[in-house]
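To keep things clear, I will list the structure first and then write my remarks on it.
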Amino acid sequence: MKRINLLMALIAFPMFFFACGSSNEPVEDNTTNEVVNIETGPECVTVSIENGSGVFNELLYGNCSSSDDTEWGPNNAYTPGEPISFEVEPGEYYDLRCVDSADNEYFIWDVPIEADGFRWLVELSDKDNSFTDNPSVSHNSKGEAAITIYINPGCGVITHIYCDRLDAQSPMDAVDRLGTDLLYPNEEFTFHVPVCYSYRYLLWLESTYGDDFLFYGISIDEDGIYLDLTKDDSTRL
């Protein structure tokens, strides 16, 4: 039995030798010491909103969104003793808004957020009931509710659309939502407004026919409104 095992071992050894290869050529090394850098997104930084020395009412909530967005981000509620805070990516411009317990709104626009974050101490000078101080938006505003106006034939071409809260300082002097644009029959135009149960709006449109379309004391909820404007809606001031 031992002789058979020895014979099998002698047969197996050359087979093993040739299988492993007898070449003196070096084996190619495919490993590398190169460091692979995996790109990751920028780390977020903190933006905080705090009550400044001139605001007497308690802040209820705040919003933060990119200056390129036409809608506000989610409402972040105020917790007593803590600032209202958001986590955002640095290197961009942001708009900030907050609302106090008396439904007053405060805004700052086009704030560059860098790697050290940003802290907004809200002052009375930041109070604004309209969107008119926003330098980056000439005819629209950020808000929860959309107002869409469709122009039927017979209304003429709409040259101006004014809309502002009735408790604004001068709602009849509101900024033209159309800017330099015109709104033609069979076209529609949408803009956004903030929503609160106590807000009432003035909507005033002017056309090339010399007609005015005036809607006074409009109440708007989160669903917004769709106005199908016809000649019958016209009125003369």
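The values are calculated or read from the model by the stated rules, or taken from the named source; none is laboratory data. Owing to the predicted nature of the structure, the values given are computational and were not obtained by experimental measurement. Positions of Cβ are backbone-derived with ideal geometry, glycine not excepted, and every protein chain shown enters the neighbour counts.
Residue 199 satisfies every condition listed in (1) closer than 30 Å to residue 104 by Cα; (2) among the hydroxyl-bearing types (Ser, Thr, Tyr); (3) over 24 Å from the mean Cα position of the chain (by Cα) except (3).
Does residue 54 count as in contact with a helix residue (DSSP H, G or I) (Cβ under 8 Å, 6 or more places away or on another chain), assigned by TED's automatic domain parsing to the domain that holds residue 120 and within 17 Å of residue 119 (Cα to Cα)?
Values: in contact with a helix residue (DSSP H, G or I) (Cβ under 8 Å, 6 or more places away or on another chain): yes; assigned by TED's automatic domain parsing to the domain that holds residue 120: yes; within 17 Å of residue 119 (Cα to Cα): yes.
For residue 54, the condition - in contact with a helix residue (DSSP H, G or I) (Cβ under 8 Å, 6 or more places away or on another chain), assigned by TED's automatic domain parsing to the domain that holds residue 120 and within 17 Å of residue 119 (Cα to Cα) - is met.
Residue 84 fulfils the conditions (1) under 30 Å from residue 229 (Cβ atoms); (2) among the aliphatic types (A, V, I, L, M); (3) modelled with pLDDT of 95 or more except for a single criterion, (1). Filter the range 53-69 down to residues that are modelled with pLDDT under 90 and surrounded by 15 or more Cβ atoms within 10 Å (Cβ to Cβ) and give me whichever is farthest from residue 144 (Cα to Cα). Per the criteria, the residue is 55. The residues of the range 76-92 that are under 18 Å from residue 44 (Cβ atoms) and either outside the structural domain of residue 114 (by TED's automatic domain parsing) or of a type in the set (S, T, N, Q) (or both), listed by number, are 76, 85.
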